[in-house]
Amino acid sequence: MPDTKPRADGQRVLADLNALRAIGAYQTGVHKPTFSEPHKRSLDWLVQKLPDAGLAAGIDGIGNVFGTSAKPGLKLLAGSHLESQNYAGWLDGPLGVVYALEAARVLNADPAVRGAVEVAAWCDEEGHFGSFLGSRSYIGQVTDAEIDAARDRTSGRTMREALAEMGLAGRPRVAVEKGRHVGYLEAHIEQGDTLESGKLAIGVVTSIVGIWQYRIDFNGAQNHAGTTRMAVRKDAGLALAKFCVAIDDRFPTACGPRTVWTTGRITLDPGAPSIIPGAADMLFQIRDDDPAVIARLEALLHMMADEASAKGPCTVTVTKLRTGAPALMDLGFQDAIEAASKAMAGGRSIRMPSGAGHDAQMLATVMPAAMLFVPSIGGISHHWTENTADADIVTGAEVFVDTCRRILTG
Ligand SMILES: [Zn+2]
């Protein structure tokens, strides 16, 4: 018997995504920083669309949009974010929001589905004012003091000013309601090239990697770049450069299959052309979804620092700045995504961790959570050329809606 269950309307999904792309358009992408005028119009756009899905719409005191259902039965929360990085892509965020909207439109009207999909657009996932402020507020981790102190990292505008300009000052913030949701599902572009290079349609996210950050300090002796003989120099900049190369030589012997590491910033002190740097530091980040791998690499980092200090002429110290536990995605939801991929995408799916952070990692601390990825052309993201083939967007929507159905009826 053919499957006659209502499914995603791909053309409607593409039309919605293009409508959001037209708000704050920049080249082929968008410029939609948090609480900008185009961001506000995008939130208003969603508020106007949600009633079509049988949802009551509202924006809370931190700029989260919620579509809530009065339908009895289980509720599945689904969504993503609507703001963008500066001058960035059109799908990073809106894809997951429109998929959630589509799932609500298809399933909330279906009498065969007893529960409902509720929609959330989390504010400031892209971190213009802070770190995951919207989703962290929802799980109860944002204090009023944090909002008082938050400023736009580009313009310096305070978050309180921005909220007032949005008309949101004094509005209550919505918090997670225990027992209301069976879980949270988020779709996102992959932002890497695993799916494209494997000719796959769907990434079933197993975990969102943790981020560990370190500052590595090098201490030598500041001196004259013309008169100090090479043999007696204690050049902290040179020590740093050698250490960077040593990391790349030795980490592969201890890392996991998907570990990534990055030196994101180097500072030389005093940083002048005629002075041998007396001190230097680097910000170093490791990402993996296995704390055991991180522990191994961290031990190696300390060992290398001790070796370098013992050898001289500079001393090296490692300070941990940030520990980020990985977020594990719900296994039952992963199975539902995989089953939906078999039904809707010919089984062209792969289980994979997410190297990028997402709101789902916050939601995963209070309810079962899962994510699915669609391919990114060339693996490009956080740039206005970011794109996904229309056919892949449509397939992703079909898999997403079918996954929601499986979770709500399973
Ligand atoms: Zn995103």
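Using only the Cα atoms of region 1-110, build the gyration tensor, take square roots of its eigenvalues as a ≥ b ≥ c, and label the shape rounded, prolate or oblate: rounded if a/c is under 1.5, else prolate if a/b is larger than b/c, else oblate.
Here region 1-110 falls in the oblate category.
Enter the per residue convex hull volume of region 215-323, computed from alpha-carbon coordinates, in Å³ rounded to the nearest integer.
For region 215-323, the hull spanned by Cα atoms encloses 92 Å³ per residue.
So if I take the centroid of the Cα atoms in region 124-142 and the same for region 1-54, what is the distance between those two points in Å?
22
Using alpha carbons only, how many angstrom separate the centre of region 279-357 from the centre of region 177-194?
Each part reduced to its Cα centre gives a spacing of 20 Å.
Report the residue, chosen from 28, 385, 143, that carries the largest GNM mean-square fluctuation when the chain is represented by alpha-carbon nodes joined by springs under 10 Å.
For the chain, modelled as a Gaussian network with Cα springs under 10 Å, the answer is 143.
Explain nothing, just compute: Karplus ³J(HN,Hα) = 6.51 cos²θ - 1.76 cosθ + 1.60, θ = phi - 60°, for every residue of region 115-120 in order, whole Hz, x for Gly and Pro.
Once rounded to whole Hz, the list reads x, 8, 8, 9, 10, 10.
Picking from 137, 341, 274, which is most flexible by a Gaussian network model of the chain using Cα springs under 10 Å?
Of 137, 341, 274, the Gaussian network model singles out 274 as fluctuating most.
Kindly rank 11-23, 95-107, 167-179, 300-312 from highest to lowest mean number of other beta carbons found within 10 Å of each residue. Walk me through the intermediate numbers first.
Working: 11-23: 17.1, 95-107: 28.1, 167-179: 12.8, 300-312: 15.0.
Sorting 11-23, 95-107, 167-179, 300-312 by mean packing, highest first, produces 95-107, 11-23, 300-312, 167-179.
Sort the following peptides by mean Cβ neighbour count (other Cβ atoms within 10 Å, averaged over residues), highest first: 369-382, 239-252, 123-136. Let's see the in-between values first.
Numbers: 369-382: 22.6, 239-252: 15.9, 123-136: 24.2.
Highest mean packing first, the order is 123-136, 369-382, 239-252.
So for the chain, taking the charge dipole from beta-carbon charges (+1 Lys/Arg, -1 Asp/Glu), which of 326, 404, 170 sits furthest toward the positive end?
326
Report the net charge of residues surrounding residue 313, where surrounding means a beta-carbon distance below 14 angstrom and charges are Lys +1, Arg +1, Asp -1, Glu -1.
Working: positive: 229, 233, 234, 242, 311; negative: 235, 307.
Charge balance near residue 313 sits at +3.
Sequence gap of 8 or more, or different chains, plus Cα separation below 16 Å: how many lysine pairs satisfy both in the chain? List each step's numbers first, then the result.
Values: 5/342; 32/40; 40/49; 75/178; 199/342; 234/242; 234/311; 242/311.
Total qualifying Lys-Lys pairs in the chain comes to 8.
For region 1-140, what is the charge dipole size about the Cα centre, in debye to the nearest 20, if Lys and Arg each add +1 at the Cβ and Asp and Glu each add -1 at the Cβ?
Details: 13 positive and 15 negative charges, 61 e Å.
Roughly 300 debye for region 1-140.
Using the Cα atoms of region 153-280, I'd like the radius of gyration and the largest Cα-Cα distance, Dmax, both in angstrom.
24.3, 72
When the helix-only estimate is applied to the chain (DSSP H runs of n ≥ 4, each -39,500 (n - 2.57), divided by the residue count), what is the mean residue ellipticity at 222 nm, nearest 500 deg cm²/dmol?
On the way: 12 runs with 137 residues, N = 410.
Value at 222 nm, helices only, nearest 500: -10000 deg cm²/dmol.
Once you have the alpha carbon radius of gyration of the chain, what is it after dividing by 2.2 N^0.38 Å, with N set to its residue count?
On the way: Rg = 23.8 Å, N = 410, 2.2 N^0.38 = 21.6 Å.
Relative to the 2.2 N^0.38 Å estimate, the chain comes out at 1.10.
Calculate the dipole size of region 215-323 relative to its Cα centre from +1 charges on Lys and Arg beta carbons and -1 charges on Asp and Glu beta carbons; express the result in debye to the nearest 20. Present the calculation step by step, with values, prior to reporting the outcome.
Numbers: 13 positive and 12 negative charges, 41 e Å.
Result for region 215-323 is approximately 200 debye, rounded to the nearest 20.
Using +1 on the beta carbon of Lys and Arg, -1 on that of Asp and Glu, and nothing else charged, what's the dipole of the chain about the Cα centre, debye to 20? Present the calculation step by step, with values, prior to reporting the outcome.
On the way: 40 positive and 47 negative charges, 72 e Å.
In total the dipole reaches around 340 debye.
Taking H as built 1.01 Å from N, whose amide H comes closer than 5 Å to the amide H of residue 260, not counting residues under 5 places away?
Here the answer is 287, since their amide H atoms fall under 5 Å of that of residue 260.
Of the options 237, 253, 274, report the single residue whose Cα projects farthest towards the positive end of the charge dipole of region 215-323 (beta-carbon charges: Lys, Arg +1; Asp, Glu -1).
Farthest along the dipole direction, towards plus: 274.
Any read-out appearing in this document is the output of simple, stated calculations on the displayed coordinates, not a laboratory observation. Here the structure is a predicted model, which means the values were calculated and not measured. Neighbour counts are summed over all protein chains in view; Cβ atoms, including those assigned to glycine, are modelled from backbone coordinates with ideal geometry.
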